[in-house]
Amino acid sequence: MKIDPRQFANDVYEIVAAIPAGRVLTYGRVATLAGYPNHARLVGHVMRGATVSLGLPCHRVVGIDGHTAPCCPRQRYLLEQEGVQFKANGNVDLKAALWDVMTSANW
């Protein structure tokens with residue numbers, strides 16, 4: 001299936017914009033919700049290209065094991081300000097913070 005880059009980016013932005021404070025999604029989960037379950041890296045690429053003017057809570061997207069983006073040193077700080085818990089290894093505690101989209105009124 002061919003991906004329309006603009007449509008994919010818009011879908012990613014819409015999903016990320018809906019993530020509530022204090023919750024996170026993984027790149028893979030965002031890709032799945034956008035309809036492209038095997039394109040987690042493409043989500044990362046789209047997120048890197050997102051401008052501040054979009055007002056997206058990009059800090060709420062983490063790696064599959066809860067790791068934060070190495071290119072965003074403030075990500076942990078921003079998540080902690082929202083009450084997101086971290087494990088001893090520095091990764092987000094996904095059991096506590098992963099957004100359950102299916103039971104959310106935001107989605």
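The values are calculated or read from the model by the stated rules, or taken from the named source; none is laboratory data. Remember, it's a predicted structure, so these values are computed and weren't measured experimentally. Note that each Cβ is placed from the backbone with ideal geometry, even for glycine, and that neighbours are counted across all protein chains shown. Note: areas computed on protein heavy atoms with side chains; ligands, DNA, RNA excluded. Shrake-Rupley method; radii C 1.70, N 1.55, O 1.52, S 1.80 Å.
Things worth noting here:
- The single residue among Leu98, Leu33 that is within 30 Å of Lys2 (Cα to Cα), open to solvent by 70 Å² or more (accessible area, probe 1.4 Å), among the hydrophobic types (A, V, I, L, M, F, W, C) and touching a residue at least 60 places away in the same chain (Cβ under 8 Å) turns out to be Leu98.
- The residue that is modelled with the lowest pLDDT, among those in the stretch 68-93 that are under 30 Å from Asp4 (Cβ atoms) and surrounded by 15 or more Cβ atoms within 10 Å (Cβ to Cβ), is Cys72.
- Highlighted here would be helices (runs of 4 or more DSSP H) found entirely within the stretch 1-54 that include at least 2 residues which are in contact with a His (Cβ under 8 Å, 6 or more places away or on another chain), but there are none.
- Meets criteria (open to solvent by less than 70 Å² (accessible area, probe 1.4 Å), on the phi > 0 side of the Ramachandran plot, modelled with pLDDT under 95 and within 15 Å of the chain's Cα centre (by Cα)) for Gly55: yes
- Residue check, Val46 within 10 Å of the chain's Cα centre (by Cα), open to solvent by less than 20 Å² (accessible area, probe 1.4 Å) and of a type in the set (A, V, I, L, M, F, W, C): no
- Within the stretch 56-91, the set of residues being closer than 21 Å to Ala34 by Cβ and in contact (Cβ under 8 Å) with a residue 40 or more places away in the chain comprises Leu56, Pro57, Cys58, Arg60, Val61, Gly66.
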